[in-house]
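Note sheet for the following structure.
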Amino acid sequence: MAQPNQIMYSFKELATLMVKDQGLHDGYWGLSVRFGISATNAGASDSDLRPTALVPIVEIGLQKFEEVNNLSVDAAEVNASAKPATNSKRAK
């Protein structure tokens, strides 16, 4: 079987991975993307230039959301904190 050369994630999958990575256990967290912008003249040749905008993705992160939507997850659901161990023996 051939190895894949691309692995894609949904917004929710990325948010889940990032919430777990940051150890967040409560609140609604979702993707945040910061774009840069610059301009240049580009074209098929030096005699066929057109003003062109370049919009690179500068950073991808998490931001707190007010509710769950297609970009966000509930940290309490996707990264539930471990419950403390209970001692089944009664103290004497």
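The values are calculated or read from the model by the stated rules, or taken from the named source; none is laboratory data. Values in this document were obtained by computation on a predicted structure and should not be read as measured data. Backbone-built Cβ (ideal geometry, glycine too); neighbour counts: all protein chains shown. Ligands, DNA and RNA are excluded from the accessible area calculation, which covers all protein heavy atoms including side chains. Shrake-Rupley method; radii C 1.70, N 1.55, O 1.52, S 1.80 Å.
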**Message:** Within region 32-52, does at least one residue satisfy the condition of being more than 11 Å from the chain's Cα centre (by Cα) and under 22 Å from Asn79 (Cα atoms)?
**Reply:** no
**Request:** Identify, by number, the condition in (1) in contact (Cβ under 8 Å) with a residue 24 or more places away in the chain; (2) among the small types (Gly, Ala, Ser); (3) in contact with a Pro (Cβ under 9 Å, 6 or more places away or on another chain) that Ser32 doesn't meet.
**Result:** (3)
**Cross-chain or 6+ apart pairs with Cβ under 9 Å, region 7-18 first and open to solvent by 60 Å² or more (accessible area, probe 1.4 Å) and part of a helix (DSSP H, G or I), then modelled with pLDDT of 95 or more and of a type in the set (Gly, Ala, Ser)** = Phe11/Gly30; Phe11/Ser72; Lys12/Gly30; Lys12/Ser72
**Prompt:** Pairs under 9 Å by beta carbon, first residue in a strand (DSSP E or B) in region 43-71, partner of a type in the set (D, E, K, R), six or more apart or different chains?
**Reply:** Gly43/Arg50; Ile57/Arg34; Val58/Arg34; Glu59/Arg34; Ile60/Arg34; Gly61/Arg34
**Request:** Scan Ala76, Ala53 and give me the residue that is under 26 Å from Gly27 (Cβ atoms) and at pLDDT 95 or above.
**Result:** Ala76
**Request:** Looking only at region 21-34, count how many residues are open to solvent by 90 Å² or more (accessible area, probe 1.4 Å) and either part of a helix (DSSP H, G or I) or farther than 24 Å from Ala80 by Cβ (or both).
**Result:** 3
**Request:** Taking Ile37 as meeting all but one of (1) touching a Gly at 6+ places or on another chain (Cβ under 6 Å); (2) loosely packed, with under 10 Cβ neighbours inside 10 Å, write down the number of the exception.
**Result:** (1)
